[in-house]
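Below is one structure, written out as structure tokens, with a few remarks after it.
The values are calculated or read from the model by the stated rules, or taken from the named source; none is laboratory data. Just so it is clear, the structure is predicted and the values come from calculations on it, not from any experiment. As a convention, Cβ positions derive from the backbone with ideal geometry for all residues, glycine included, and neighbour counts pool all protein chains shown. The accessibility values were calculated without ligands, DNA or RNA, using every heavy atom of the protein model including side chains. Shrake-Rupley method; radii C 1.70, N 1.55, O 1.52, S 1.80 Å.
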Amino acid sequence: MHSQSKSIPLWQDKYKRQRLSQFIFALVVIILTALIYGNIVDSLSKIGMIPSLKFLRMVSNIDIGESVIEVSNTSSNLRMIAAGFLNTISISFLAIIVSTILGLIIALCRLSSNWIINKLAVLYIEIIRNIPLLLLLLIWYRAFFLRLPGIKTGIMAGERLGPNGETLLSFSLSNRGISMAWFKPNEHFQPWLIALVLSLVVAIGVLIFLKRREKLTAKEQRTILYPTLAFLALAVISYFLLPNAALTKEIPVMGKFNISGGLHVTAEWFSLFSGLILYTSAFIAEIFRAGIQGIPKGQIEAARSLGLSHMKTIRLVIIPQAKVVVIPPLTSQFLGVAKNTSLGVAIGFPDLFAITGTIINQTGRALEMIILVMAIYLGLSLLTSLVMNIYNRRVQIKER
Amino acid sequence: MKADTQKEELIVFKDVHKWYTPEFEVLKGITHTIYRGEVSVIIGPSGSGKSTFIRTINALEEYQRGEIIVDGIPLDHNIKNINKIRSKIGMVFQQFNLFPHLSVLHNITLAPIWIRKLSKDEAETRAMELLDRVGVKAQALKYPNQLSGGEQQRVAIARSLAMDPELMLFDEPTSALDPEMIKEVLDVMTELADNNMTLLVVTHELGFAKAVADTVLFFDGGKIVEAAPPDEFFNNPKSDRTKLFLSQILNH
Amino acid sequence: MALELQHDPFKTPREIEHPLLYWVHKNLFSSALNTALTLLSLTILYLLVTKSLIPLFSWDWTVISANLKLILTGSYPMDQLWRVWFCLWYAALFFGLTFSMNRTRPPKVMYLILISILLLALLNFSLFNKVSMLATALLLFVSFFVGTQLAQQKKTIMVAGGWILLLPLSFFIIRGVGGFLPVVKTNLWGGLLLSLLISLTSIFLSLPIGLMLALGRRSSMKVVKSICIFLIETIRGVPLITILFIGYLILPMALPQGWSPSVFIRALTGVVMFHSAYMAEALRGGLQGISRTQYEAATSLNLGPTKTMAFIILPQVLKRMIPVLVNSFTSALKDTSLISIIGMLDLIGISTSIVSNPKYLSGSAQVLFFEGALYFVLCFSISKASMVLEKKLGVTGNIKK
């Protein structure tokens, strides 16, 4: 407000009091942080450790069960962390996609008029929602996988002898995991990769063309079907046109102690993955159900009275409105998946957190590692929120 | 209102300006004096600053330039002054703003018990007197959501009266009411005016203005365009803007 | 001329004649798709039941009966178990009193509890345990009927006070104090007892801490606001296990020399930090639901910020938040299972320790399923109770005219 001729004492002035309180608050926070940090550094120096990041370059001496990138026990700690990080995001990404699809299916079951399907869905959702994820993971791992027989005696299919006398399999399920024949890129993969990229470009071109046509003619075009068809068609054609096949079929070979070749999914990966998708899909199903049921019945009545068919009503009226309501809780579920992968440490899956734990064990660098791993998870959360927020803004219904 | 010889200045506005941004100024230089016992009715189009005007008086809104003096106490950012001023003023809102989780009686006794340090019995006796005065005594133990709009607003008036204010502010007290309940609230306000309470009322009820007001203020575009006793105001408006506004609202 | 309806005019004659068949047709076989789905799901159900459910009964469940005490209370000394029972009786007492509010006859759920206790008492337990179980049920009903005779006002105060005291009292009794009750150190606490204690304490403590964080986040003072946002978003953006690690590894280093907190305290700190951040967000939503005009009314009555918060805002927020609070308890119960990862022997941690005994090596699946059932029963009943509570709160108190 305007200036006064006489000044107001400090403790009575509205603004000065606020500033003073803030100042005192900040001071208290700074002092506390300094005290705590001081104590930590003290305790660390007593055992000969001063916080530093040099240990990241040192050899890790850690063996991990699986990784997307090449690591061995002579890789640096930093490389190990990167391996864990890649494990985490690869499994999270897949889990998010699969659990969303699964959640959608279950939500549809939950809304079905078929009594059995409906009640089965309810049963599923209620059971999953009322037990901890950790328990689910342990059940998958200990009560299922670990009870399976070993690789020599496990469930197998397509067992036959190969050219060099070794045993070949098409499929194996054992307490190690799942192995199956798989197509893998070989030395002639690069030309096809280029062809794939070109097909993608063409598909995007088709998409842009169709969208433009939609705008100009105000007639709806199949903007998803045609680009996808184009991409797939070009990919397949280019594969067969190339002189050398880009992929080779790799068949698993039964060795002395393990199976090599083909696609190998470890028991740990599979347990974590199945646990995650079962758990998350139940919550996603409820989110979808709430979103769909939250749409006022009047909307559906209006759409039908305009003559829109059942499918068109769903596509044009229900889904766009449901999207608005569904995206924020879905975002927090997705964030939850990434954070829940940290439970892999309980079943031996080498995700980011499991590797953190091992490194802390080996090097004693608890403070540095915890801060580092928290920063990484935070960064991941922020990134996911950002992407989802952009999508969220696009779907919002314009209001006055 | 008392005879002119006993006019005592209660609220003094001296060139008061309020803005949110330099382009968006809500009060553009208000200078006015309100006397003890005076009933002022404020009318004007929406967005003219009338609600802001009365909300600055009990510091619900801040102002950037000028001076406001309430009963000799300057209104600035001195907390002691603000509290002293607020204790002299009672306010009634358009949306009643009763506390839904407390009974009607408790709504009224809350402030007297905790601020004026009355005992529970004293506060409740006084509250029942006030409820009787506004005609809602039978609903004392009910909850706000169980009352009609008119009853709730009367309880709100009683709640403000419980703090013995010297001045009552009303921000469109009947705008949220169904038509059949407007009269009962206006009757209570008229009774207050008859008992020499200083009232400042923002309203669209021109009948009330004609019958009870000592002064009618017309707000437009952040300024007081005209201020006059009701006879003069309605029969002989001086400004063109006043004439235009009156023609718009009187003829439908 | 009054019409006498003998049946529902919206039902077809067929429906009235054969209600069951009609229902079956409508819900299961109304269309080709529906029929296919019904057959498919029936097959799946059949497979599930025969392949999973039936074999369940042929499993060897001795691992459970032999280790039940471990699963429920960990390594708590057997001769001191009466103290745990005592806390249960205290809870039963106040449950009875709570149920007796606004009621003259016991609700259905009390009979349900009675029946389950009677069934449990039939199983193979020691005499002491059986008697204690029956005593719990007895206490529940006795306190209910005594409660119906008490005045409403006094009862409300008793009930509120009793529930608030439940946790501190339980801690006091279960831990004990030298000279009065022999001390049972926290490293002996385990199983369900440990899980319940940590979850309850965490909800209890996360409420005030979360409230402070939520208020700070809404503050107009930039410094306070930024720090609160930083704390809340950081804790919410990382997995619980990292917060637990902070409590487990960093806390001992951060405290002054000589303070060496037990593993229990370290785990509790982590859990409380985690839940406070989530509680803060939930409270923020609740606070946002209170319209600004309530603040204005309080201000014009000159109530001042503290009194406004205490008498006007918080009572409204907390009342609306009761379902959320009950939900947080179930999440807390489930999240607490993570303390097994830092080596504590809660319900899940104890299962690992049980199967490490070579005698029960093959029993890991049984133990896990049993614990799953325990969690399910607990969490499911609590969420059902909260639904009932929600319905009650929506109807009583503020009836719109």
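Contour minus end-to-end for C:PHE29 and C:ARG292, with contour as 0.36 nm per residue of separation and end-to-end as the Cα-Cα distance? Numbers along the way, then the final one.
Values: separation 263, 0.36 × 263 = 94.68 nm, distance 5.42 nm.
89.3 nm is the gain from fully extending C:PHE29 to C:ARG292.
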Estimated distance in nm for a label pair at A:ILE371 and A:ALA290, the labels positioned 7 Å out from Cα along Cα-to-Cβ: 3.8 nm
Size of charge dipole - chain C - debye, nearest 20, with Cβ of Lys, Arg +1 and Asp, Glu -1, no other charges: 1020 debye
Added length on full extension, which subtracts the Cα-Cα distance from 0.36 nm per residue, B:ALA211 to B:ASN196: 3.9 nm
Prolate/oblate/rounded label for segment B:121-252 (Cα gyration tensor, a/c 1.5): prolate
Centre separation in Å (Cα based) which lies between segment A:202-264 and segment A:344-400: 31 Å
Cα gyration tensor, segment A:185-291 - rounded (a/c under 1.5), prolate or oblate: oblate
Dipole-positive endmost among A:ALA157, A:LEU135, A:LEU169 within segment A:126-171 (Cβ charges, Cα centre): A:LEU135
Cα convex hull of segment B:134-202 - mean projected area over all directions, nm²: 4.7 nm²
Kyte-Doolittle mean at least 1.6 and Cα axial length at least 30 Å: DSSP H helices in chain C: C:127-148, C:191-218
In range of the label at A:THR167: residues from segment A:233-257 whose backbone nitrogen is under 17 Å from the point 7 Å along Cα→Cβ: A:251-257
Nearest 10 degrees, 0 to 90: helix B:120-134 Cα axis against chain B principal axis: 50 degrees
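Tell me, what is the percent relative contact order of segment B:1-150, built from C-alpha pairs under 8 Å that lie six or more residues apart? Numbers along the way, then the final one.
Values: 172 pairs, mean separation 27.2, N = 150.
That works out to 18 percent.
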Tail fraction, Cα-Cα pairs, segment A:1-120, threshold 20 Å, whole percent: 75 percent
At R0 = 35 Å, FRET efficiency that the Cβ-Cβ distance of C:LEU318 and C:ALA151 yields, to 0.05: 0.90
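With solvent modelled as a 1.4 Å probe, how much accessible area in total do chains A and C shield from it at their shared surface, in Å² to the nearest 100?
On the way: alone 25750 and 25130 Å², together 46450 Å².
Adding both sides of the contact gives about 4400 Å².
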Debye-sum result for segment C:192-342 in log10 I(q)/I(0), which assumes one identical scatterer on each alpha carbon, at q = 0.09, 0.15, 0.18, 0.21 Å⁻¹: -0.34, -0.82, -1.07, -1.29
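Roughly how many debye, to the nearest 20, is the charge dipole of segment A:1-128 about its Cα centre, given +1 on each Lys and Arg Cβ, -1 on each Asp and Glu Cβ, and no other charges?
Computed about the Cα centre, the dipole is about 820 debye.
Of chain B, which part is the longest with no GluC sites (Glu not before Pro) in a loop (DSSP not H, G, I, E, B) and with at most 12 other C-beta atoms within 10 angstrom?
On the way: sites that count: B:GLU8, B:GLU23.
Formally, the longest exposed-site-free interval is B:24-252.
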Share of Cα-Cα pairs in chain A lying beyond 42 Å, as whole percent: 35 percent
Rotationally averaged projected area of chain C (alpha carbon convex hull; nm²): 31.9 nm²
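So which DSSP H runs in chain A come out at 27 Å plus along the axis (Cα) with average Kyte-Doolittle of at least -1.0? Walk me through the numbers on the way to the answer.
Values: long enough: A:14-46 (48 Å, 0.68); A:77-110 (47 Å, 1.75); A:189-217 (41 Å, 1.31); A:267-293 (38 Å, 0.99); A:319-340 (29 Å, 0.67); A:366-395 (43 Å, 1.39).
Within chain A the helices that satisfy the rule are A:14-46, A:77-110, A:189-217, A:267-293, A:319-340, A:366-395.
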Protein-protein interface of segment C:238-262, residues with accessible area decrease of at least 10 Å², isolated chain reference, 1.4 Å probe: C:VAL238, C:PRO239, C:ILE241, C:THR242, C:PHE245, C:ILE246, C:LEU249, C:ILE250, C:MET253, C:ALA254, C:PRO256, C:GLN257
Listed residue (C:LEU42, C:LEU56, C:SER30) projecting farthest to the positive dipole end of segment C:1-149, Cβ model: C:LEU56
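Test of the criteria: in segment A:193-259, which trypsin sites (Lys or Arg not before Pro) are in a DSSP loop and have at most 14 other Cβ atoms within 10 angstrom of their Cβ? Please report the intermediate quantities before stating the final value.
Details: sites: A:LYS211, A:ARG212, A:ARG213, A:LYS215, A:LYS219, A:ARG222, A:LYS249, A:LYS256; in loops: A:LYS219, A:ARG222, A:LYS256.
In loop regions of segment A:193-259 (DSSP not H, G, I, E or B), the sparsely surrounded trypsin sites (Lys or Arg not before Pro) are A:LYS219, A:ARG222, A:LYS256.
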Calculated FRET value between A:LEU225 and A:ILE31, using beta carbons and R₀ = 60 Å, to 0.05: 0.40
Computed label-point distance, nm, for sites A:VAL201 and C:TRP259 using a 7 Å Cα→Cβ extension: 6.4 nm
Share of alpha-carbon pairs per 10 Å distance bin for chain B, given as whole %: 7, 30, 35, 22, 6, 0
For the protein assembly as shown, Kirkwood radius (reciprocal of mean inverse C-alpha pair distance, Å): 35.3 Å
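For segment A:248-400, report the convex hull volume of the alpha-carbon atoms normalised per residue, in Å³, without decimals. The partial results should precede the final answer.
On the way: hull volume 30.6 nm³, N = 153.
Hull volume normalised by residue count: 200 Å³.
Report relative contact order for chain C in percent, whole number only (criteria: Cα-Cα under 8 Å, sequence separation at least 6). Before the final figure, lay out each step's value.
On the way: 354 pairs, mean separation 72.6, N = 401.
With pairs under 8 Å counted, the relative contact order is 18 percent.
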Electrostatic dipole magnitude of chain B [Cβ: Lys, Arg +1; Asp, Glu -1; Cα centre; debye, to 20]: 500 debye
Positive-end residue, segment C:83-235 charge dipole about Cα centroid, Cβ charges, pick of C:MET101, C:LEU215, C:SER143: C:LEU215
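Take the residue pairs A:LYS312/C:LYS391; A:LYS256/C:LYS334; B:LYS14/B:LYS80; B:LYS88/B:LYS142; A:LYS184/A:LYS256 and return only those whose Cα atoms are more than 30 Å apart.
Working: A:LYS312/C:LYS391 37 Å; A:LYS256/C:LYS334 42 Å; B:LYS14/B:LYS80 21 Å; B:LYS88/B:LYS142 28 Å; A:LYS184/A:LYS256 23 Å.
In this structure, A:LYS312/C:LYS391; A:LYS256/C:LYS334 lie more than 30 Å apart at Cα.
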Mean-position separation - Cα centroids, segment C:86-148 and segment A:24-102, in angstrom: 50 Å
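If you take the square roots of the eigenvalues of the alpha-carbon gyration tensor of segment C:193-242 and sort them as a ≥ b ≥ c, do you get rounded (a/c under 1.5), prolate (a/b over b/c) or oblate?
Numbers: a/c = 5.26, a/b = 1.81, b/c = 2.91.
Taking the square roots of the gyration eigenvalues as a ≥ b ≥ c, segment C:193-242 is oblate.
So if R0 is 60 Å, what FRET efficiency would C:LEU181 and B:LEU141 give, r being the distance between their Cβ atoms, rounded to the nearest 0.05?
Values: r = 47 Å, r/R0 = 0.78.
It comes out at approximately 0.80.
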Relative contact order (%) - chain B, alpha-carbon pairs under 8 angstrom, separation at least six: 26 percent
Segment B:30-59 and segment C:206-245: distance between their alpha carbon centers, rounded to Å: 42 Å
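Where the convex hull is taken over the Cα atoms of segment C:154-264, what is its projected area averaged over directions, in nm²?
Details: hull surface 43.6 nm².
It is 10.9 nm².
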Separation of the C:SER226 and A:GLU159 label points, Cα + 7 Å toward Cβ, nm: 6.8 nm
Ordering of A:157-163, C:40-46, C:308-314, C:144-150 by burial proxy (mean other Cβ atoms within 10 Å per residue, highest first): C:308-314, C:144-150, C:40-46, A:157-163
